[in-house]
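Below is one structure, written out as structure tokens, with a few remarks after it.
Taken together, the values in this text are just the output of simple stated rules run on the coordinates, not laboratory data. Worth saying up front: this structure is predicted, and the values here are computed from it rather than measured. Every residue, glycine as well, gets a Cβ built from its backbone with ideal geometry; the counts of neighbours run over all protein chains shown.
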Amino acid sequence: MSSNAIIVTGGAGFIGSNFVLEWIAAEKSPVINLDKLTYAGNLENLAGIKGDNRHRFVKGDIADRELVGALLREHQPRAVVHFAAESHVDRSIHGPGEFVQTNVVGTFELLEAVRGYWSGLADPARNDFRFLHVSTDEVYGSLGPNDPAFSETTPYAPNSPYAASKAASDHLARSYHHTYGLPVITTNCSNNYGPYQFPEKLIPLMILNAVKDKPLPVYGDGRNVRDWLYVSDHCEAVRFALKRGRPGATYNVGGNSEKTNVEVVKTVCAILDELRPDGAPHARLVAFVADRPGHDRRYAINAERIRSELGWAPRERFETGLRKTVGWYLDHMKWADNVTSGEYRNWIDLNYGTRT
Ligand code: NAD
Ligand code: DAU
């Protein structure tokens with residue numbers, strides 16, 4: 001008999017911690033949160049549920065099959081929601097090995113542990129179990145300006161080591177459904193933004209640099225396009241997919257909000273001009289730097305399947321979501337200082353030292 005607990009991997013990272021906080025508030029059933037606490041994982045993200053006995057944090061690696069097997073046997077979860085990954089494209093260019101280890105080997109070991117647990121379940125627990133694999137739109141490659149948006153049938157064409165490692169993990173997850181019948185659901189989402197995003201990513205990096213009067217490094221001509229989704233909308237999409245998704249199906253998740261990087265950075269600057277007029281105009285800090293190797297030009301998501309099958313659509317508009325996000329970072333400068341110590345400074349030297 002399974003319990004109504006779920007296991008979340010990577011629940012101390014950006015999207016995972018938002019998901020866990022919202023799960024405890026919305027669904028109320030217990031969460032076992034397995035996270036290795038790499039540079040990107042921070043228990044401070046979970047301070048809001050400290051002491052809540054519905055949340056149990058376990059420090060560990062998804063590639064540790066024994067540990068995962070023991071957690072599954074102990075907690076008898078009804079689902080595993082898999083966020084844990086190496087997630088930053090630039091880091092995958094400087095060091096792809098970690099991406100293969102966590103995203104490919106780690107996902108494989110996790111799937112093996114889950115398969116062992118799931119195959120020992122009796123119905124209805126076996127039938128009701130779900131493995132929700134969280135993935136990215138980057139597996140589809142890059143679009144031209146007039147190409148139709150990515151749909152679930154767009155062929156995979158990953159261009160960075162990060163995207164390739166996520167594509168490999170998607171294929172493994174798919175194969176566990178087709179070969180063993182494991183009830184896998186995969187979501188492929190566009191760029192998230194919001195509270196607790198590690199400041200190596202575009203939006204938090206730009207907010208924090210602007211506040212500190214540092215240059216705002218825009219890669220190449222700044223006209224690469226991303227589709228932006230507020231993180232709570234992504235978390236809701238994952239909850240919908242878990243509840244109502246078809247085993248074996250994939251769902252694209254997007255914000256219907258395509259922007260060039262320059263537009264995003266200038267909008268951040270305009271919001272800061274209002275909230276921090278002392279530094280205005282913040283756009284004077286924009287600095288075009290050498291491009292990211294293999295930089296995908298455009299991503300866009302056709303999210304019709306998740307809308308029509310599961311009834312999900314994004315709630316937040318980019319303009320309001322971005323304003324909330326800038327406000328959150330201004331109110332959490334101490335969080336930002338804490339997560340950007342030590343290793344992060346080495347990363348900034350490595351990634352940006354050669355670009356100027
Ligand atoms: P993140 O880098 O902020 O967090 C990743 C978390 O995983 C961290 O807490 C880290 O400690 C943990 N982790 C890393 N390796 C681990 C391991 N071997 N074992 C256990 N835990 C480990 O990432 P994020 O931005 O929150 O992304 C979460 C997931 O969503 C990833 O799978 C990513 O590919 C996917 N995704 C992200 C975005 C985005 O815009 N950020 C968009 C679409 C999909
Ligand atoms: O599309 C979903 C993906 O979005 C996720 O799968 C990844 O985990 C997530 O990191 C994100 O990938 P991107 O590469 O799109 O995000 P990033 O924030 O690194 O960059 C966004 C855009 O901004 C991209 O075109 C590169 C550009 N950029 C980024 C940084 C860090 C800059 O111009 N300057 C920068 O300093």
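Structure notes:
- Full-stretch length increase - Glu98, Phe288 - with 0.36 nm per residue and alpha-carbon distance subtracted: 65.5 nm
- Rounded to whole numbers, the Karplus 3J(HN,Hα) couplings from phi for the stretch 199-206 are x, 7, 7, 3, 5, x, 4, 5 Hz, using 6.51 cos²θ - 1.76 cosθ + 1.60 with θ = phi - 60°, and x at Gly and Pro.
- Among 17-23, 90-96, sorting by the average number of other beta carbon atoms lying within 10 angstrom of each residue, highest first, gives 17-23, 90-96.
- Site pair Asp128 and Val105 shows an inter-label distance of 3.7 nm when each label is modelled 7 Å from Cα along Cα→Cβ.
- In terms of overall dimensions, the stretch 166-221 has a Cα radius of gyration and Dmax of 18.3, 55 angstrom.
- Per-pair calculated FRET efficiency, R0 = 35 Å: Ala26 and Thr260 via Cβ, rounded to 0.05: 0.55
- Surrounding net charge for Gly294, when Lys and Arg each add one and Asp and Glu each subtract one, Cβ distance under 13 Å: -2
- Taken about its Cα centre, the chain carries a charge dipole of about 420 debye when Lys and Arg each add +1 at the Cβ and Asp and Glu each add -1 at the Cβ.
- Protection proxy ranking, peptides 111-119, 249-257, average beta carbon neighbours within 10 Å, highest first: 249-257, 111-119
- Cα-only Debye scattering, the stretch 227-354: base-10 log of I(q)/I(0) at q = 0.11 Å⁻¹: -0.57
- Partners for Lys259 among lysines (Cα-Cα distance below 22 Å; same-chain residues under 8 apart left out): Lys201, Lys324
- Kirkwood Rh and Cα Rg combined as Rg/Rh, the chain: 0.96
- Theoretical gain in end-to-end length, Arg174 to Glu74 [0.36 nm per residue, Cα-Cα removed]: 33.4 nm
- For the stretch 35-106, the Kirkwood estimate of hydrodynamic radius, built from reciprocal distances between every pair of different alpha carbons, is 14.0 Å.
- Cα gyration tensor, the stretch 82-187 - rounded (a/c under 1.5), prolate or oblate: oblate
- Counting charges near Glu109 (Lys, Arg +1; Asp, Glu -1) among other residues having Cβ under 10 Å from its Cβ returns a value of -3.
- Summing charges over neighbours of His177, with a neighbour being any other residue whose Cβ is under 13 Å away from its Cβ, gives +3 when K and R count +1 and D and E count -1.
- Within the chain, helix-based [θ] at 222 nm, where runs of 4 or more DSSP H residues each add -39,500 (n - 2.57), nearest 500: -12500 deg cm²/dmol
- With respect to the chain, whose longest principal axis is taken over its alpha-carbon atoms, helix 65-75 is tilted by about 70°.
- The length gained on full extension between Tyr156 and Lys324, counted as 0.36 nm times the residue separation minus their Cα-Cα distance, comes to 57.1 nm.
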